[in-house]
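Beneath this line is the structure, given in structure tokens, with notes to follow.
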Amino acid sequence: MSPPLPEADSPKDVWREWARSVRGRLDWEALSEQVIAGLKDWIIPSNDLTVLVFLPMANEINLVPLVEADSKTRFVATRTPEREGGLSVHELGGPLEVHRSGFLQPHSSATLVSPDAVDIALLPGLAFDLYGNRLGQGAAYFDRLLQSTRAGAKRVGVVPAALVVDRLPVYAHDIPVEFLATEEGVTETA
């Protein structure tokens, strides 16, 4: 049984607690396969396309099989700063390293890529709402990164349908996505 949905005006920390509880009950392997199937139908492989993906933390959709299945598209991923600063974008295809929090990321020697080169950004989130608002971990790393992407880049929230809610609290620095990729396919936000 899922925990009760917080009130729409509850603080983000209450929403994060709810989302983490729901996430702990999901079959991430099956969900990842279904989400990737929808993304493969939506993303048309091209030598002229740069797609930002995330390498999964625990209880996130695993996009690695999407990258491995597409030899045409240029895939990039973020590196989390070791100290202060924002996310940086690096080419995938070379060695990975384990971040101190336990997830994989491009090695520090991976080629740096300008965020304005990204055509499609596939973004993680604890939850999303129907309007594309994202509930992240609370550090605003992805919101700051999205400020550097070019106008016209497609922003896609990658999340199980169980974590898409009617409305989340929104702060001034939050940048919404235009699409949601769930196990039900890729859809435009409201």
* Asked: Of all residues in the stretch 154-168, how many are surrounded by fewer than 18 Cβ atoms within 10 Å (Cβ to Cβ) and either assigned to a strand (DSSP E or B) or touching a residue at least 24 places away in the same chain (Cβ under 8 Å) (or both)?
  -> 4
* Asked: Hey, which of the helices (runs of 4 or more DSSP H) in the stretch 1-73, taking only ones fully inside, have at least 3 residues that are touching a residue at least 24 places away in the same chain (Cβ under 8 Å) and of a type in the set (D, E)?
  -> 28-42
* Asked: What about F75, is it among the aromatic types (F, W, Y) and over 30 Å from P169 (Cα atoms)?
  -> yes
* To do: Identify, by number, the condition in (1) under 29 Å from E7 (Cα atoms); (2) in a loop (DSSP other than H, G, I, E, B); (3) in contact (Cβ under 8 Å) with a residue 12 or more places away in the chain that G86 doesn't meet.
  => (1)
* Asked: Quick one: how many residues across the stretch 35-61 are surrounded by 19 or more Cβ atoms within 10 Å (Cβ to Cβ), of a type outside the set (A, V, I, L, M) and closer than 30 Å to S21 by Cβ?
  -> 2
* Hits in the stretch 100-113 - residues which are touching a strand residue (DSSP E or B) at 6+ places or on another chain (Cβ under 8 Å), assigned to a loop (DSSP other than H, G, I, E, B) and surrounded by 15 or more Cβ atoms within 10 Å (Cβ to Cβ) -> A110
* To do: Inspect all residues belonging to the stretch 7-21 and state whether any of them is exposed (fewer than 15 other Cβ atoms within 10 Å of the Cβ), at pLDDT 95 or above and within 20 Å of K154 (Cβ to Cβ).
  => no
* To do: Collect the residues in the stretch 74-83 that are among the basic types (K, R) and not in a loop (DSSP other than H, G, I, E, B), keeping them in residue-number order.
  => R74, R79
* Would you check which residues across the stretch 151-183 are among the hydroxyl-bearing types (S, T, Y) and modelled with pLDDT of 95 or more and list them? => T182
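The values are calculated or read from the model by the stated rules, or taken from the named source; none is laboratory data. These numbers come from a predicted model, not from an experiment. Don't worry about glycine lacking a Cβ; one is built from the backbone with ideal geometry, like all the others, and counts go over all protein chains shown.
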